[in-house]
Amino acid sequence: MRARLVAGNWKMHGSRAANASLLDGIVSAADTVECAVCVPFPYLEQVSARLKGTSLAWGAQDLSAHAQGAYTGEVSAAMLAEFGCRYVLVGHSERRQHHAETDALVAAKFVAAQAAGLVPVLCVGETLAERDAGQTEAVVGRQLQVVVDAAGAASLARAVLAYEPVWAIGTGRTATPEQAQVVHAFLRGRLEPELGQALRILYGGSMKAANAASLLAMPDVDGGLVGGAALVAEEFTAIAAAAARATTH
Ligand code: PGA
């Protein structure tokens with residue numbers, strides 16, 4: 001049985017004032033289903049102070065592959081753990097695209113996150129050109145395999161996977177529930193049955209209150225990684241409510 005998870009990815013949004021009211025508006029969403037927010041580094045202090053003792057978990061959006069050292073501007077997994085982070089996104093397509101993160105770097109970050117006791121949320125997904133060329137499964141399969149090779153398949157028992165088609169992120173264009181289901185089932189099927197059955201696979205890409213229930217109704221969609229809609233309290237809360245209502249897988 002896989003517990004649903006709704007994770008917000010705030011990206012580079014927020015301010016102390018905006019965060020305070022957003023957190024007030026969403027904190028109770030986590031009472032009925034597992035929820036988390038992945039926030040910009042500078043707000044971890046504020047977010048951890050507000051959410052400590054609540055059921056809403058928090059995390060970061062990136063981390064360094066290194067444990068410590070002369071890496072100006074980077075943030076280590078141990079630092080995130082000190083701020084009470086449970087989750088950290090790894091390999092988000094915006095980092096793969098805009099920060100030239102390779103599969104190998106993503107795998108190293110995944111390993112670094114787990115070494116500090118964090119739960120990496122490994123993001124995989126194809127571009128529109130790759131989908132049109134019929135390469136979706138080859139691309140997401142490779143992105144997953146590189147991590148399995150680096151960290152070992154068993155490491156996925158302490159991780160979350162997120163399928164985020166790049167063409168659906170921030171575009172308002174959502175994968176249909178059927179499109180998501182095909183890829184989620186493919187990813188799960190790449191793993192040993194016991195491991196695959198236990199692994200939570202979130203869908204990300206323009207998930208919102210209006211489409212969450214139909215995506216979450218799919219047998220292999222275990223939750224959502226939510227960007228834009230996670231910045232609107234009513235949207236995030238409604239997505240969480242849809243996840244709470246969805247039948248358990
Ligand atoms: P979106 O972003 O919901 O705004 O499409 C999702 C993500 O990038 O995690």
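The values are calculated or read from the model by the stated rules, or taken from the named source; none is laboratory data. The structure presented is a predicted model; accordingly, all values stated were derived computationally and were not measured. We place every Cβ from the backbone using ideal geometry, glycine too, and count neighbours over all the protein chains shown. These accessible areas exclude ligands, DNA and RNA; they are computed on the full protein's heavy atoms, side chains included. Shrake-Rupley method; radii C 1.70, N 1.55, O 1.52, S 1.80 Å.
For the reader, a short list of remarks on this structure follows.
- Helices (runs of 4 or more DSSP H) contained in the range 83-137 and holding at least 3 residues within 17 Å of the chain's Cα centre (by Cα) and in contact (Cβ under 8 Å) with a residue 60 or more places away in the chain: 93-98
- Checklist (1) away from the ligand (no atom under 16 Å from the Cβ); (2) of a type outside the set (S, T, N, Q); (3) open to solvent by less than 30 Å² (accessible area, probe 1.4 Å) applied to Glu164, failing item: (1)
- The listed residue being at pLDDT 95 or above, among the small types (Gly, Ala, Ser) and open to solvent by 20 Å² or more (accessible area, probe 1.4 Å), out of Ala138, Ala113: Ala138
- If you go through the range 35-50 and keep only what is more than 16 Å from the ligand (Cβ to nearest atom) and buried (at least 20 other Cβ atoms within 10 Å of the Cβ), you end up with Tyr43, Leu44, Val47.
- Within the range 74-117, being over 22 Å from Thr54 (Cα atoms) and among the aromatic types (Phe, Trp, Tyr) holds for one residue alone: Phe110.
- In the range 66-82, residue most open to solvent (accessible area, probe 1.4 Å) [restricted to those that are assigned to a loop (DSSP other than H, G, I, E, B), among the small types (Gly, Ala, Ser) and touching a residue at least 12 places away in the same chain (Cβ under 8 Å)]: Ala67
- Restricting attention to the range 234-245, the residues being among the aliphatic types (A, V, I, L, M) and open to solvent by 20 Å² or more (accessible area, probe 1.4 Å) number 3.
- Qualifying residue in the range 187-202 (condition: small (Gly, Ala, Ser) and closer than 16 Å to Glu34 by Cα): yes
- Looking only at the range 1-17, and only at residues there that are more than 11 Å from the ligand (Cβ to nearest atom) and charged (D, E, K, R), the one that is nearest to Cys123 (Cα to Cα): Arg4
- The single residue among Ile169, Ile201 that is within 22 Å of Cys85 (Cα to Cα), open to solvent by less than 60 Å² (accessible area, probe 1.4 Å) and touching an Asp or Glu at 6+ places or on another chain (Cβ under 9 Å) turns out to be Ile201.
- When we screen Ser214, Ser206 for residues that are hydroxyl-bearing (Ser, Thr, Tyr) and at positive phi, the only hit is Ser206.
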